[in-house]
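The values are calculated or read from the model by the stated rules, or taken from the named source; none is laboratory data. None of the values given here were measured: they were computed from a predicted structure. FYI the Cβ positions are ideal-geometry reconstructions off the backbone, even for glycines, and counts take in every protein chain you see.
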Amino acid sequence: MKLKKRVPVIDQGNSLGFWGGKFGGNFVPETLKKPIEDLEILFNKLKKDRKFINERDKYFKDWVGSPTRFIKLENLTNHINGAQIWSKVVSDANGGAHKIYNATVHCLLAKRSGKKIICGDTGAGYAGKMLSMAAKKFGLKCKIFMGAKDIARQQPNVKAMKKNGAEVIPVYSGSQTLVDAVSECMRFWVANCDTTAMCVGSTVGPAVFVRICGWSTSQISRELKAQLIDEFGSIPKKLKLYNCVGGGSSSFGFWNEFMDYDKRQVEFIGVEAGGPKKSKKHAAPLTYGSKIGILHGAAQYVNQNSDGQIEETESISAGLDYPGISPLHCFLKDTKRARYTAASDEEALSAYKLVTKFEKLRPSLEPSHAFFVALKEAKKLSKDTVVVINSCGDAYKDRGILEKRLGKKYVKSN
Amino acid sequence: MLNPISVAFKKAKAENRPALLTYTVAGDSSKKQSLNILKSISKNADILEVGVPHNTPVADGSQIQTSAYRAIKKGIKLNDIFKIVRDFKKFDKSKPIILMGYYNMIFQYGDNNFLNKCKTSGVNGLIVVDLPWPENKDFAKKCKKKSIYFIQLLSPTTTSKRLKKIIKNSHPMNYFISMLSTTGGKLKVSSKEILKNYNMIKKINPKKEIVIGFGITDKTIGKLKSADGLVVGSAICKEITRSLNSRQNPVTNVSRLVRKLKNKIK
């Protein structure tokens, strides 16, 4: 299995949509074949269309707020006393997370296809919140599917969705988290694909959704590349990009523009959710060697039992609480371009405490996983190594959990 | 030897009626009970579809989901399902059985392993909801080698160009999804509209048996009589749930429902 140079990774799948011949594809009910093919034709045309790209860039700049900051975390750098610690503060983006890029592009595509309604799934509530914002902006009716368990633990985002006029539909099946929300959203699309567009909230799902999402979030690395050159004059000789990985949309977007660099110069480190220390459940299929299987239309490494039933996951962060992983990351893992590891709930919380103690930055529980591994590894790295962590979400949505786990003082300052 | 599925269609045609296909989930609400349901409905059903429950079903509505989760909760495994089929075939050897499920379970079992097991247990056909054409080409070929029908799904969104290609490559039986819906949705298009689409498909190759499914109940089945076969699934799953909730025997209730369905298409 080989990664091609000078070809965008999203376009490296074969004619059936498989990366590396085995990840991704379109394992979908017959009813969805046509709408997916229509979307593919539209997306393949528009991603080469200058006018469409300009339109995207205009919204990214004026509405999403581009570029998001790239900052040095001086105090943490001093405290760690190893590599330089930097952060790309993607949570600066309108709405507070990277999910806005994919949501914006899906709404632009929906408008072009003449659809009046858009449906989407959400775990932490960010994908749903951003989709509700974008739908409102572009005059589309919006339906968000969200697991009942996630609705209870991510209330601030639920309120935001409702305020934006979206209908939030609780999903009570299965584990009542993201995996069930995605299933229910796909079922809704099966029944309504003639009038409704679907936005899959991450780089998962049938191949075209993986591609659209990766294309959208790549804005992050486009900005970062320019910012690095601004700051250092060129891409640093030792650069390490740390990102949390749930479905994998923010990490893919954070890395994409650096794909062709030698990994000894630009290393990618993906941090999955290891779950509670004492639990056997996790949301880290790459780290813990889960077998390849099919989930939500795509072949991927996925937590499952020997019979092929998808297993329940457990993580403090709703945004990483997904049993599968993007086919793009399976491909990056097996081609050895990226390295994957996991952080536990407790480790993510400790990183959150450390970051907020030293810096004016409040990463949500998802990027806190990446911070943990980055800060641990940075201690042993040389001072000319540049460590960048994607702070892809803001902790505002985690108030309830943080208060419960760490006490009130960690919430007040939000 | 002719596949029992084809024999069943012939028999129904000789009686001037569509074949009645039932769908029940293996292991709902227990292994024994699902076997007993199959035995009790086999008198009136021509072809038995046996659902392989999966916990991330992207095309099933709430009734079948409820049945599937109930079976999974009781611990049903693929090997148990093969045993149910084997036990049923001891009871009624000629009645055709179709397994219907999602591809991941077959993939984990291994395509060849799975098909060998199907063959030895007496499975006559397979419907794999999330393995569409052309992705299913290789798998369908493997089925053919074992004389197991791989049943292609056709939907109102399937373009006519695609319909022709699928049917050209298909085995003797195909399944037309009546409307844009998950299983068990309310029939939101008229039976006239469904039959129009059905006839268009039938014209492509009249020799292929086409069954209609999704949204068919005892209320609607009579209006679709001109099809080669009609599938009732969610309505049966719903009856099992209703029986359990009211502490009645699902076996007798489902048996009664299937008899009623049969009378509507005679």
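Out of all the residues in segment A:59-104, which are part of a helix (DSSP H, G or I) and among the charged types (D, E, K, R)? Listed by number, the residues that qualify are A:LYS61, A:ASP62, A:GLU74, A:ASP92, A:LYS99. Entry remark, segment A:79-114: residues being under 19 Å from A:LEU131 (Cβ atoms) and among the polar types (S, T, N, Q) number 5 in total. With respect to being outside any strand (DSSP E or B), touching a strand residue (DSSP E or B) at 6+ places or on another chain (Cβ under 6 Å), among the small types (Gly, Ala, Ser) and away from chain A (no Cβ under 14 Å), B:ALA12 fits the description.
Restricted to segment A:301-338, and to residues that are part of a helix (DSSP H, G or I) and touching a helix residue (DSSP H, G or I) at 6+ places or on another chain (Cβ under 8 Å), which residue is nearest to A:GLY174 (Cα to Cα)? Don't jump to the end; show me each part of the working.
Looking only at segment A:301-338, we keep the residues that are part of a helix (DSSP H, G or I), and these are A:318-320, A:327-334.
If we keep only those that are touching a helix residue (DSSP H, G or I) at 6+ places or on another chain (Cβ under 8 Å) too, we end up with A:318-320, A:327-329, A:331-332.
Details: A:ALA318: 15, A:GLY319: 17, A:LEU320: 17, A:PRO327: 23, A:LEU328: 26, A:HIS329: 25, A:PHE331: 28, A:LEU332: 30 Å.
Only one residue tops the list, namely A:ALA318.
Just to be sure before I move on: is B:ILE5 buried (at least 17 other Cβ atoms within 10 Å of the Cβ), within 14 Å of the chain's Cα centre (by Cα) and over 30 Å from A:THR177 (Cα atoms) in the structure I sent? Yes; evaluated as a whole, the condition is true for this residue. In the set (1) among the β-branched types (Val, Ile, Thr); (2) assigned to a helix (DSSP H, G or I); (3) in contact with a Leu (Cβ under 7 Å, 6 or more places away or on another chain), the condition left unmet by B:VAL123 is number (2). Against the definition (without any contact (Cβ under 8 Å) to a residue 40 or more places away in the chain and of a type in the set (Phe, Trp, Tyr)), how does A:TYR126 come out, yes or no? Here the answer is no, as A:TYR126 does not meet what is asked. Screening A:ILE294 on (1) β-branched (Val, Ile, Thr); (2) away from chain B (no Cβ under 14 Å); (3) surrounded by 24 or more Cβ atoms within 10 Å (Cβ to Cβ) shows it passes everything except condition (2). Among the residues making up segment B:126-160, those that are surrounded by fewer than 21 Cβ atoms within 10 Å (Cβ to Cβ) and either more than 13 Å from chain A (Cβ to nearest Cβ) or part of a strand (DSSP E or B) (or both) are B:LYS141, B:LYS142, B:LYS144, B:LYS145, B:LYS146, B:SER147.
Would you say A:ASN256 is in a strand (DSSP E or B), over 25 Å from A:GLN155 (Cβ atoms) and away from chain B (no Cβ under 14 Å)?
In short, no.
Residues satisfying the criterion are present in segment B:19-31 (criterion: over 25 Å from A:SER175 (Cα atoms), surrounded by 19 or more Cβ atoms within 10 Å (Cβ to Cβ), in contact with a helix residue (DSSP H, G or I) (Cβ under 6 Å, 6 or more places away or on another chain) and not β-branched (Val, Ile, Thr)). So which residues in segment A:164-194 are on the phi > 0 side of the Ramachandran plot, away from chain B (no Cβ under 11 Å) and crowded, with 19+ Cβ neighbours inside 10 Å, if there are any at all? A:GLN176 - this is the single residue of segment A:164-194 that is on the phi > 0 side of the Ramachandran plot, away from chain B (no Cβ under 11 Å) and crowded, with 19+ Cβ neighbours inside 10 Å. For segment B:53-78, the set of residues classified as facing chain A (nearest Cβ under 9 Å), touching a residue at least 60 places away in the same chain (Cβ under 8 Å) and touching a Gly at 6+ places or on another chain (Cβ under 8 Å) consists of B:VAL58, B:ASP60, B:GLY61, B:SER62, listed by residue number.
For A:THR203, the requirement of being buried (at least 24 other Cβ atoms within 10 Å of the Cβ) and at pLDDT below 95 is not met.
Can you name every residue in segment A:249-286 that is surrounded by 22 or more Cβ atoms within 10 Å (Cβ to Cβ) and of a type in the set (Val, Ile, Thr)? Across segment A:249-286, the qualifying residues are A:VAL266, A:VAL271. Give the residues of segment A:21-42 that are touching a Lys or Arg at 6+ places or on another chain (Cβ under 8 Å) and assigned to a loop (DSSP other than H, G, I, E, B), sorted by residue number. A:ASN26 - this is the single residue of segment A:21-42 that is touching a Lys or Arg at 6+ places or on another chain (Cβ under 8 Å) and assigned to a loop (DSSP other than H, G, I, E, B). Is at least one residue of segment B:244-264 in contact (Cβ under 8 Å) with a residue 12 or more places away in the chain, buried (at least 20 other Cβ atoms within 10 Å of the Cβ) and closer than 25 Å to A:THR31 by Cβ? Yes, segment B:244-264 has at least one match. Out of A:VAL373, A:VAL388, one residue alone is under 23 Å from A:ASN256 (Cβ atoms) and not in a helix (DSSP H, G or I). It is A:VAL388. Consider segment A:301-315 and keep the residues that are touching a residue at least 40 places away in the same chain (Cβ under 8 Å) and over 16 Å from the mean Cα position of the chain (by Cα). The one that is nearest to the other protein chains (Cβ to nearest Cβ) is A:ILE310. Going through (1) closer than 22 Å to A:ILE401 by Cβ; (2) free of Cβ contacts under 8 Å to residues at least 40 places away in the same chain; (3) out of contact with any strand residue (DSSP E or B) (no Cβ under 9 Å at 6 or more places or on another chain); (4) part of a loop (DSSP other than H, G, I, E, B) one by one, A:GLY139 falls short only on (1). Going by the structure shown, is A:GLU272 in the same structural domain as A:LEU332 (by TED's automatic domain parsing), of a type outside the set (A, V, I, L, M, F, W, C) and out of contact with any Cys (no Cβ under 8 Å at 6 or more places or on another chain)? No; evaluated as a whole, the condition is false for this residue.
The residue of segment A:267-291 that is farthest from A:ILE389 (Cα to Cα), among those that are away from every other protein chain (no Cβ under 14 Å) and of a type in the set (Ser, Thr, Tyr), is A:SER279. The residue that is nearest to the other protein chains (Cβ to nearest Cβ), counting only those in segment B:94-113 that are free of Cβ contacts under 8 Å to residues at least 12 places away in the same chain and in a helix (DSSP H, G or I), is B:GLN108.
So, of the residues in segment A:339-378 that are in contact with a helix residue (DSSP H, G or I) (Cβ under 7 Å, 6 or more places away or on another chain) and charged (D, E, K, R), which turns out to be surrounded by the fewest Cβ atoms within 10 Å (Cβ to Cβ)? Looking at residues that are in contact with a helix residue (DSSP H, G or I) (Cβ under 7 Å, 6 or more places away or on another chain) and charged (D, E, K, R), I get A:LYS353.
Scan segment A:169-189 for residues that are acidic (Asp, Glu) and without any contact (Cβ under 8 Å) to a residue 60 or more places away in the chain and report the count.
Qualifying residue count for the region: 1.
Has segment A:222-240 got at least one residue that is within 16 Å of A:GLY319 (Cα to Cα), touching a residue at least 24 places away in the same chain (Cβ under 8 Å) and either outside the structural domain of A:LYS116 (by TED's automatic domain parsing) or buried (at least 21 other Cβ atoms within 10 Å of the Cβ) (or both)? The answer is no; no qualifying residue exists.
For segment B:161-191, a tally of residues being part of a loop (DSSP other than H, G, I, E, B), within 12 Å of chain A (Cβ to nearest Cβ) and aliphatic (A, V, I, L, M) returns 3.
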